[in-house]
Amino acid sequence: MSTMKALVFEDVGKIGFDHIPVPKITQPHQVLIKVAACGICGTDVKILQGKHAFKENTVLGHEFNGVIEEIGSAVTTIKVGDRVAIDNSLRCGLCDACRMGQSSQCDWLTDKSIGIFQNGGYAEYTIVPENACFKLPQTIDDIVGTQVETLGTVLNGMNIIEMKPWDTVLILGFGPIGYLFSALSKNMAARAVATEIDPFRIEVAKQLGIPVMNPNETDIETAVLDLTDGIKPDIVIDAVGNQLEDAIKYVAPGGKILAFGMDSSVRATIVPNTVTRKAIKILGSYIGQNTCLPAIRILQAGKINMRPFFTEKIALENGTNAFQKLGLDIETLKPIPKKAMKLVLSPSMSGEINPN
């Protein structure tokens with residue numbers, strides 16, 4: 001096979017199905033992966049909108065897994081036939097940030113992320129380095145296996161926020177990231193509640209058993225006071241990237257805010273004296289840090305109900321239509337009502353999803 005199916009991002013607002021050359025191994029530590037499935041991340045939607053860094057003419061997709069088809073001459077930890085999930089954020093391991101335990105700030109991340117700056121999983125095959133691969137146990141299917149890296153980023157946020165069993169947690173935004181934070185918070189904290197404006201995702205929150213409030217219909221600041229007997233939430237997680245101002249209003253004195261969602265087009269106005277006077281801790285979290293293996297263990301143990309998380313599997317040929325279902329009008333780049341939580345692209349077929 002000399003060519004393969006792929007969904008290629010050309011520029012802002014432009015992505016299309018194409019046939020491109022099958023990639024070849026050129027470095028001794030590289031492996032060729034036959035992609036089994038690839039989730040569509042909110043980051044990919046923001047790339048299409050021009051709200052995230054990107055590289056033109058790139059095969060997007062960083063939430064993927066597959067089977068090793070070929071290995072480079074220096075590869076020792078994985079072999080042909082292994083199923084692997086991918087951590088798309090490549091780090092050098094040698095810079096000061098990496099060696100100080102802050103690998104999410106590695107200089108390499110500015111232009112080497114798989115599926116953003118180099119070809120990723122929206123294709124039949126892709127090339128990745130050996131150190132990006134994590135073996136998948138057979139008990140995790142291809143669909144659930146797309147979320148190893150995603151859950152890893154959420155676990156990094158959980159490590160940073162240091163949630164306690166007695167905390168009340170408010171998650172702002174119930175997209176896929178909000179879902180995973182809500183599911184983990186539900187397991188760990190005394191009380192977890194989310195906000196969401198999209199009707200489809202509100203229904204998914206109910207399926208997960210998470211109380212959900214619509215900011216368009218409810219005064220959230222008043223509602224959280226009622227929920228917490230006037231104390232306010234101990235932790236507020238911004239899973240969207242544009243909720244910092246509101247998070248400061250909602251959080252309890254001495255509480256913590258996790259700034260997780262990303263949107264480079266957003267600007268916030270805050271009163272520093274409020275942060276100081278109320279001893280509010282604002283913490284940032286970016287990608288994962290040594291959290292892919294913990295993510296695999298959590299998924300393998302069935303600690304999170306992933307059934308409501310996945311909406312549909314879509315063939316690569318129909319991939320451009322997926323963004324409409326995720327709330328983006330490709331023609332106008334304007335938001336439209338969502339019809340999905342998590343969509344998964346498949347090189348082979350489309351259909352309903354029944355994750356293990």
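Quick one: in region 325-348, which of the residues that are within 23 Å of Gln207 (Cα to Cα) and of a type outside the set (D, E, K, R) is surrounded by the fewest Cβ atoms within 10 Å (Cβ to Cβ)?
Pro337
Hey, can you tell me all the residues within region 226-256 that are acidic (Asp, Glu) and surrounded by fewer than 22 Cβ atoms within 10 Å (Cβ to Cβ)?
Asp226, Asp229, Glu245, Asp246
Taking region 169-197, which residues are part of a strand (DSSP E or B), among the aliphatic types (A, V, I, L, M) and either surrounded by 24 or more Cβ atoms within 10 Å (Cβ to Cβ) or under 19 Å from the mean Cα position of the chain (by Cα) (or both)?
Of everything in region 169-197, those that are part of a strand (DSSP E or B), among the aliphatic types (A, V, I, L, M) and either surrounded by 24 or more Cβ atoms within 10 Å (Cβ to Cβ) or under 19 Å from the mean Cα position of the chain (by Cα) (or both) turn out to be Val169, Leu170, Ile171, Leu172, Ala192, Ala194.
Contact list please: Cβ distance under 6 Å, first residue in region 188-206 and of a type in the set (A, V, I, L, M, F, W, C), second residue at pLDDT 95 or above and assigned to a strand (DSSP E or B), pairs at least six apart or on different chains.
Once the first residue is of a type in the set (A, V, I, L, M, F, W, C) and sits in region 188-206, its partners that are at pLDDT 95 or above and assigned to a strand (DSSP E or B) give Ala189/Val169; Ala192/Val169; Val193/Leu170; Ala194/Ile171; Ala194/Val212; Ile202/Val212; Ala205/Ala194; Ala205/Val212.
Just checking, which of Ile257, Ile282, Ile314 is in a strand (DSSP E or B), under 20 Å from Gly61 (Cα atoms) and without any contact (Cβ under 8 Å) to a residue 60 or more places away in the chain?
Among Ile257, Ile282, Ile314, only Ile314 is in a strand (DSSP E or B), under 20 Å from Gly61 (Cα atoms) and without any contact (Cβ under 8 Å) to a residue 60 or more places away in the chain.
Could you tell me whether Ala322 is closer than 18 Å to Val148 by Cα and either part of a helix (DSSP H, G or I) or assigned by TED's automatic domain parsing to the domain that holds Ile210 (or both)?
For Ala322, the condition - closer than 18 Å to Val148 by Cα and either part of a helix (DSSP H, G or I) or assigned by TED's automatic domain parsing to the domain that holds Ile210 (or both) - is not met.
Hey, Pro233 hits all of (1) part of a loop (DSSP other than H, G, I, E, B); (2) of a type outside the set (Lys, Arg); (3) free of Cβ contacts under 8 Å to residues at least 40 places away in the same chain; (4) touching a Ser or Thr at 6+ places or on another chain (Cβ under 6 Å) but one; which does it fall short on?
(3)
For region 285-307, what are the residues that are assigned to a helix (DSSP H, G or I) and of a type in the set (Lys, Arg)?
Passing the criteria: only Arg297.
The values are calculated or read from the model by the stated rules, or taken from the named source; none is laboratory data. Since the structure is predicted, the reported quantities are computational estimates derived from the model, not experimental observations. Don't worry about glycine lacking a Cβ; one is built from the backbone with ideal geometry, like all the others, and counts go over all protein chains shown.
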